[in-house]
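Comments concern the structure below.
What follows draws every value from the coordinates through simple rules; no lab data is involved. No experiment lies behind these values; they were computed from the predicted model shown. Positions of Cβ are backbone-derived with ideal geometry, glycine not excepted, and every protein chain shown enters the neighbour counts.
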Amino acid sequence: MKTLRILAYIAAAILILFGVLFILGAFSPQSDNPGGWLLTGFILVGVGFVLIFIGAKVLQPRVPEQPQQVTLQVDLPGNVSMDTIKCQSCGGTLQAENIQVVNGAPMVTCPYCHTVYQITEQPKW
């Protein structure tokens, strides 16, 4: 497909070049049939622009758009027990659906006081 596009562009450039030369030749004093030269020049230029359109629109490769889906999997080692998470502001109990990952950071939205903050892990020692 890419080769056909390049060939279409090259052929269009050649046709437009010769079309412009025919149009300029129609206005020459030595021209015996200026109408024929002018018509030929406009046809060559028109076909050149049609080839450019075909190369740009028709021969362009189509990439199907697929929605991106990001899945975050957490692998916890060994036996892990979950403690209840409490809001830092009001002390309300938080559920898993109150936690979202925003720009790579876990953010909590409290359903009681509507406070939004980032979860930080406290050291174990």
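Here are the numbers for this structure:
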read-out: Residue exposure sequence - LEU51, LEU7 - by fewest surrounding Cβ within 10 Å; value: LEU7, LEU51
read-out: Positive-end residue of THR109, LEU4, GLN69, charge dipole of the chain with Cβ unit charges; value: LEU4
read-out: DSSP-assigned coil residues among chymotrypsin sites (Phe, Trp or Tyr not before Pro) in segment 1-68, each with at most 11 further Cβ atoms within 10 Å; value: PHE27
read-out: Helix 34-53 vs. the chain, principal-axis angle (Cα, 0 to 90°, nearest 10); value: 20
read-out: Trypsin sites (Lys or Arg not before Pro) within segment 1-69, DSSP loop, no more than 11 other Cβ atoms inside 10 Å; value: ARG62
